[in-house]
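J.: I'd like to ask some things about the structure below.
The values are calculated or read from the model by the stated rules, or taken from the named source; none is laboratory data. Because the structure is a prediction, the values reported are computed rather than measured. Don't worry about glycine lacking a Cβ; one is built from the backbone with ideal geometry, like all the others, and counts go over all protein chains shown.
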Amino acid sequence: MSRLYYPKIVQANLAGGADGDVDVGEAAKKIGKLIPTELITAYAALVSASMAIHWASFRQPAFWVCFAICWVLTPIYLNMVADLGKPKRNQIIVGTVAFPIWAYLVSGAQVIPAYYDAGLATVITLVFSLATTPIPMNR
């Protein structure tokens with residue numbers, strides 16, 4: 001069973017009379033699988049551990065190293081967990097773009113406090129989630 005998200009194809013009439021091909025209820029599941037849970041969990045743990053570094057001058061570089069490592073690992077991990085023969089290109093692209101958006105939401109206050117705004121992080125995350133909904137993950 002693949003760990004990537006592949007939407008079910010459903011034929012339905014939309015309000016305007018046009019035929020749709022993706023179940024709207026499935027869109028929420030897609031958001032949860034864009035970024036591997038293991039990487040989000042590892043990133044959160046690494047940022048927390050970085051906050052415990054005794055020397056304050058080392059904290060900021062440690063945050064950025066943790067971010068860079070997890071961001072680079074995102075497409076590699078998504079490629080590895082995909083089933084052989086299943087499409088994965090769009091999943092890898094969208095997941096890789098999603099990582100910094102989610103990281104800003106989760107840890108922006110610690111990593112870049114001068115540029116973090118909770119409201120902005122929420123807006124960016126929601127807009128990204130909505131904007132990626134029509135992207136077919138079966139390619």
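J.: Within region 106-113, identify whether any single residue is in a helix (DSSP H, G or I) and without any contact (Cβ under 8 Å) to a residue 12 or more places away in the chain, and answer yes or no.
T.: Yes.
J.: Same structure again: Condition test on ARG59, is it assigned to a loop (DSSP other than H, G, I, E, B) and more than 14 Å from the chain's Cα centre (by Cα)?
T.: No.
J.: A further question on this structure: For region 71-95, which positions are of a type in the set (Gly, Ala, Ser) and either more than 10 Å from PRO36 (Cα to Cα) or in contact with a His (Cβ under 6 Å, 6 or more places away or on another chain) (or both)?
T.: Once the filter is applied, which keeps residues that are of a type in the set (Gly, Ala, Ser) and either more than 10 Å from PRO36 (Cα to Cα) or in contact with a His (Cβ under 6 Å, 6 or more places away or on another chain) (or both), region 71-95 yields ALA82, GLY85.
J.: Does at least one position in region 18-39 carry a residue that is part of a loop (DSSP other than H, G, I, E, B), at pLDDT 60 or above and out of contact with any Ser or Thr (no Cβ under 8 Å at 6 or more places or on another chain)?
T.: no
J.: Quick one: in region 34-50, which of the residues that are farther than 13 Å from TYR104 by Cα and in contact with a helix residue (DSSP H, G or I) (Cβ under 6 Å, 6 or more places away or on another chain) is surrounded by the fewest Cβ atoms within 10 Å (Cβ to Cβ)?
T.: LEU46
J.: Select from region 82-92 the residues that are in a helix (DSSP H, G or I) and surrounded by 14 or more Cβ atoms within 10 Å (Cβ to Cβ) and write down the one among them that is farthest from the chain's Cα centre (by Cα).
T.: ASN90
J.: For residues that are of a type in the set (Ser, Thr, Tyr), exposed (fewer than 13 other Cβ atoms within 10 Å of the Cβ) and under 15 Å from the mean Cα position of the chain (by Cα), tally how many sit in region 93-128.
T.: 1
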